[in-house]
1. Any idea which of A:Leu193, B:Ser41, A:Tyr310 is furthest toward the positive side of the dipole for the protein assembly as shown, if Lys and Arg beta-carbons carry +1 and Asp and Glu beta-carbons -1?
2. Can you pull the mean other chain C-beta count within 10 Å for peptide B:289-296?
3. Which residues' amide hydrogens lie under 5 Å from the amide hydrogen of B:Asp53, considering only partners 5 or more residues apart or on another chain, with H built in the peptide plane?
4. Okay, helix-only estimate at 222 nm for chain B: each DSSP H run of n ≥ 4 adds -39500 (n - 2.57), divide by all residues, round to 500 deg cm²/dmol; what do you get?
5. Distance from the Cα centre of the range B:17-80 to that of the range B:267-324, in angstrom?
6. Run the simple label-point estimate for B:Gln294 and A:Gln277 please: 7 Å along Cα→C-beta, distance reported in nm.
7. Pairs of Cα atoms under 8 Å, at least six residues apart: use those to get the relative contact order of chain B, whole percent.
8. If you line up the long axis of helix A:353-362 against the longest principal axis of chain A, both from Cα atoms, how many degrees apart are they, to the nearest 10?
Amino acid sequence: MDRELDLADIQGNILQEFVSGYPAARFLLLRITDASRGRQFVLEYRSKVTTALRWASSKAFAQKIQTTKPDIAINIGFTFSGFLALELPTRTLARLPPEFIDGMKKRAAILGDDRIASDKDGDAVQHWDPVWRTGQAHIIIGLNSGIDDAGNPLPGLDRETKYLEDLCAKCGLQILRGHGKDNAAWQDACALLAPDGNIQMEKNKATYKPVPREHFGFIDGISNPVFDGQFGDPHADQMMSIGNGKLFPAVAGRSDLDRWAPLATGEFLLGYPDEAQEVADMAAPNEIMRNGTFLVFRKLHENIKSFKDYFDRAAQVYAKANNVPVADACMILKAKMAGRWEDGVPVAVASTIAEWKAFNAKNAGTLGPDWAYTNFTYGDDPHGAKCPVAAHMRRTNTRDSLTGTSSALNNRRRILRRGQPYGKTTQDDDGDHGIIFMVMCADIERQFEFVQQQWINYGLDANAGSDTCPIVGNRRGDSKFIVPVDSKSQDTPFIAAGMPQFVEMRGGDYFFLPSMTALRMIGMGTIDPT
Amino acid sequence: MPTFDGGHCFLTALFPINSADVVDHNGQKCSHAQRVREALSVLPTAHQSPATDRAPCNSPFARCTKTHFARFLVLDDVIFNGRMPQDALAVTIMGEDPLVPKPRDRLPGPYLFFVADFDAPQGMDTELRDWLRGVWTKMHSDLDPIFAHCFQYAAKVSNADSFADYVMSHRLETTMPFNDYWPLESPPQLPTLSLGLLAVTAAIAAAAAGYGLWWLLDLAQLTARTGFWRWLEILLVVLAGLGAGIYLAYRRVIKAGLKPFPMAPNSDLPSILKGLYLQRRLIPKVAELQGKSQQELFDEMSAFLNAMQVDNMQAPTQAPGTIQ
């Protein structure tokens, strides 16, 4: 980008994910009771909001340090009803996108949330946490914290929670209860923890470190879109875009790394040209939307027992049909469905157990900004003999799969993913555990909803008919997933059938994450759309 | 690309809706166009999407085992998209007054628009007529409330034959049908135009036209001139030849383009429905048999194929009007 982004104006969790720096998080939903006092809240709390200014970090490209890392990183978002409660001008409200006005509950039919297997009576929200079911939320606050050696959030998290409670009481905001099964006042989330091998001698306790896995056992969040301006200088953006940006057709004699480029800023931040080379329509005045983006918040429950039992069962059949050990069959089936092996190795690069082992021997210990995990394409595998076209990762980020040469049909469907596990990994379906799945994008309908509707809960673009995503798709009785093979080989395709619902919604909504300028305008009540 | 293509008929028909008077409906005065829209809004849609797959009634077109697709709509008028852009300087020089409105196209009244795609393997009008007769026989009580408000329907239509006459007298040529039944893996063998042959044809036409013009000029004793006029004559002869050559090549390309697309194998509706039926049952069966012994495979697949009656297009099969 020829001009730097105004980092002091953009909320901090948009340009970078917070999970690695802040493994613990707490989400609170607030309800405004009085418009004027609500604006006072926004104005006062604005000073707490973490911006995108860079702090010292282990990230290779974050070189220009502009601020110190906050103890607790804080973000704020608003629902449409929140904007209504804050009495934004009608001319501003009327031009906001329809799906944002609807909110997530009303979009259940589009998102497929009303067609999960356990929903016999078509009540889309019967399994949702009460706090999301009522659709009362006006504001979401995200508090992000580091953890101590025992794996607990730092004391700052409770301190900031207390501050927020006091400010809400002062400004007449309700903190909505009804998260999880205990009617909690907030949703806690934390990266999964693993003993790091050290024992603190004086306390005789094991110490823990966060691991980037989710409850099913997969390493998660390896790949994320990279956009122009995200890392501060064109060289850094270009380097980070390899495997994560947009892909151009190959040019003879040029390096494959040069095929990648950062996506247009406007796909993820409002007020900038997007991949159609136009600045998307925004509610007036521009300042209320510019440097902001939309947040999709989904609490996704993971049925750990169903997942494990299913793969144990299917692996027996696969092992028998393909004459491989059951343990290998289980790993192969999971990898073919996810598009990555459990440890994140892409199936497009290593499609057999032997190749997987060879990959790990070659790339030992390099998980991170390493191109081996992200720099791959599907052009040489049109029928999915290596990585099935309908695998979770390939269908949601199609790379060059749809054209065979470039990512032209993928570039306008990218989403920034900010997932964070909640709850403890158990061996059960019941309980409160899963992923707080957060998505950021400039256009919820074109980006997130398209991916969810067309690529997750429908299979046509993956040449899979009505088959939904094998991992996160909804189930309508006769679910199946086909593991294709090379048609020239002697191998037989495998049909994995009768998959239960692995992932279920527990609630969520659409929010807008305004810029610091917009927060000030909202707080001061000085939005002039004329 | 004509109305008949790929073994299907792509019918397009436009029916003027009465606009002269109003009708009394349950004590309320309303226009014929309103009544057509009301009738269409209660015509059941096929069980084709999550919005309708649990609806109590199926589309009446599902009673016909030839119809792939059918749609009605009301066309109110052509869209006026504002004045054609003009160069402000040109307008000033021409002395036009930009405040004077430009003429714009309008339809004389609302039209009922009907499109359908159905089996017509021979590509003949008799097939269209048979289909229309079938539609009338199977669903005229559903069609009456819609067509009753169209021009001359009540006066002209009383049975299957008169319905076929009525629709056929209102049809338009379909210029761009969409037929999606050819598998990507085995595309049809299409007649191709050889570029060389096309060039030879064009060259012969060019030579004939050029020579003809020269002969005419000669006959009129106009070829004796020299200098500038001589060169002008040669230029005219060359241009005439070129024009004739290009025109003939163009005609041949257009003529070839008008040839109907061949019918895809097994693309009539009963075969499509049978195909879907088999597909939906085969995959679970294969999933169930994975890992079984050769003998078990043989026995179970034999029983399965017998039960499926693969060559019987009529039964067992999937009901029309259902997309799952």
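Laboratory data are not the source of any read-out in this text; all were calculated from the coordinates shown. The structure presented is a predicted model; accordingly, all values stated were derived computationally and were not measured. Glycine also receives a Cβ, built like all others from the backbone with ideal geometry; neighbour counts cover every protein chain displayed.
1. Farthest towards the positive pole: A:Leu193.
2. Going residue by residue through B:289-296 and averaging, the value is 3.
3. Here the answer is B:Gln48, since their amide H atoms fall under 5 Å of that of B:Asp53.
4. Mean residue ellipticity at 222 nm (helix-derived): -15000 deg cm²/dmol.
5. Result: 36 Å between the Cα centres.
6. Going by the 7 Å Cα→Cβ label model, 6.3 nm.
7. On the way: 382 pairs, mean separation 91.6, N = 324.
Value for chain B: 28 percent.
8. The angle comes out at about 60 degrees.
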